[in-house]
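A.B. asks: Got a structure for you, written out below as structure tokens; questions coming shortly.
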Amino acid sequence: MAENITSLRISMVTSGEPRFPAENMLDGTTKTFWASTGLFPQEFIVSLPAYYVIKKVSIWSMKVAGWTVSRSTGDAPFDFDEIYREDIEDAGDQSLQVTSFSISSSDAKREYSAKNVKFSIRKGHSDFTAVHRVAITGEIDASRESERKSKKERDLAADEDELSVERTVRVHR
């Protein structure tokens, strides 16, 4: 069952203004915001607490003229694949733009599985843009999480084997 994903974190942002930090996008309210500092594209990466099959993404913003949303299937936020692109109408001086898209259950399950989601503001209706809130809904991808945990366990076992060999070598010298 799809759930609103919590424990999101910002892992990268291309610009920042100390009075309007990127973390404001994830605080659950539209009263605070992250402000870009001009020049496009502007990007930020949201890291998910586990692998999720993304079902819906919603963005509350101001003065954004074009979004691209991409996902990364690896643990590290690299090698992104585009999953959504839209040009946005200007909502007026102080009006929020609400951009939302859903991924239907008929799409391949692993196609939109992600650990990291990159949001790119391709262009703006002004020199500066603001993102007030980002929400991602999805389901934990049990098969990917199982793979990730198995890999971690294998890596830990390999590290323990290396330590054991080092101890043995030291003892025999």
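A.B. asks: Contact order normalised by length for the stretch 38-134, with contacts defined as Cα pairs under 8 Å and 6 or more residues apart; what percent is it?
C.D. replies: 50
A.B. asks: From the square roots a ≥ b ≥ c of the eigenvalues of the alpha-carbon gyration tensor of the stretch 22-117, which class results: rounded (a/c under 1.5), prolate (a/b over b/c), or oblate?
C.D. replies: prolate
A.B. asks: While we're on this one: Might you tell me the accessible area per residue for the stretch 1-92, computed with a 1.4 Å probe and given in Å²?
C.D. replies: Working: 4560 Å² over 92 residues.
It amounts to 50 Å² per residue over the stretch 1-92.
A.B. asks: Using only alpha-carbon positions, what ratio does the radius of gyration of the stretch 1-57 give when scaled by 2.2 N^0.38 Å?
C.D. replies: That works out to 1.24 for the stretch 1-57.
A.B. asks: So which of 56/118; 55/123; 31/115 end up more than 20 Å apart by C-alpha? Could you put the intermediate results ahead of the total?
C.D. replies: Numbers: 56/118 14 Å; 55/123 25 Å; 31/115 27 Å.
Violating the 20 Å Cα-Cα cut-off are 55/123; 31/115.
The values are calculated or read from the model by the stated rules, or taken from the named source; none is laboratory data. From a predicted model like this one, the values you see are computed outputs, not experimental measurements. The protein model used for the area step is the full one, side chains on, heavy atoms only, and it has no ligands, DNA or RNA in it. Shrake-Rupley method; radii C 1.70, N 1.55, O 1.52, S 1.80 Å.
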